[in-house]
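Student: Got a structure here, written out as structure tokens. Questions coming.
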Amino acid sequence: MRQLIICLLLLIGLLGCSSNSDEQSNQSNTDYQGSWDYKTGYILKKEDPDKVLVVKYMTPSERKNPSFKKIIKKADPHAVWFTIQNQEQYEPLAVGDKVSIVNNGAFRDSYPGLATATDIKKLD
């Protein structure tokens, strides 16, 4: 009888731990969901000579050590390849940077999306 009670308590404890981690996971995923105005985001990838892949959100640890496949999957549908018109603005940008973006308003419907950035600046 005593062993049964101990087993039940352990089971309840394990179930409580797993649901807590699910809540934490769901909470961190909320930043990836919802609408996105495409005015600010994080650089996930750079491609020469003038393209950056911007996603809506990246966690601080993802900004330091980005995993492309993991982040692009989480970001869906909030990722856009921006072609930067001004090469001087492209050079100082790095993966993980938070940026503000002004685009010409035209997006090609794909995933990731495609657009032109008429102005892009690194935010602190």
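The values are calculated or read from the model by the stated rules, or taken from the named source; none is laboratory data. This one's a predicted model, so the numbers in the text were calculated from it and none came from an experiment. Cβ coordinates were reconstructed from backbone atoms using ideal geometry, including for glycine residues, and neighbour counts include every protein chain displayed.
Student: If you scan segment 45-67, which residues turn out to be aliphatic (A, V, I, L, M) and under 11 Å from the mean Cα position of the chain (by Cα)? Spell out the reasoning first.
Tutor: Pass one, segment 45-67, residues aliphatic (A, V, I, L, M): 52-55, 58.
Within segment 45-67, Leu53, Val54, Val55, Met58 qualify.
Student: Taking interchain pairs and intrachain pairs at least six residues apart, which have beta carbon atoms under 6 angstrom, with the first residue in segment 46-74 and under 18 Å from Ser110 (Cα atoms) and the second of a type in the set (Asp, Glu) and surrounded by 11 or more Cβ atoms within 10 Å (Cβ to Cβ)?
Tutor: Ile71/Glu62
Student: Val54 versus (1) part of a strand (DSSP E or B); (2) exposed (fewer than 11 other Cβ atoms within 10 Å of the Cβ): which is the lone unmet condition?
Tutor: (2)
Student: Can you tell me which residues in segment 80-115 are loosely packed, with under 15 Cβ neighbours inside 10 Å and of a type in the set (Val, Ile, Thr)?
Tutor: Within segment 80-115, Val102 is the sole residue that qualifies.
Student: Additional query: Tally the residues that are part of a strand (DSSP E or B) and modelled with pLDDT under 95, restricting the search to segment 80-113.
Tutor: First, pick out the residues of segment 80-113 that are part of a strand (DSSP E or B): 80-84, 98-108, 113.
Subsequent filtering for residues that are modelled with pLDDT under 95 retains 103-108, 113.
Counting residues in segment 80-113 that are part of a strand (DSSP E or B) and modelled with pLDDT under 95 gives 7.
Student: Next question. Scan Ala115, Ala75 and give me the residue that is under 14 Å from the mean Cα position of the chain (by Cα) and of a type in the set (Gly, Ala, Ser).
Tutor: On the way: Ala115 fails: under 14 Å from the mean Cα position of the chain (by Cα).
Within the list Ala115, Ala75, the selection yields Ala75.
Student: Taking the criterion of being under 15 Å from Trp36 (Cα atoms) and touching a Leu at 6+ places or on another chain (Cβ under 6 Å), would at least one residue in segment 81-92 satisfy it?
Tutor: Yes: one or more hits.
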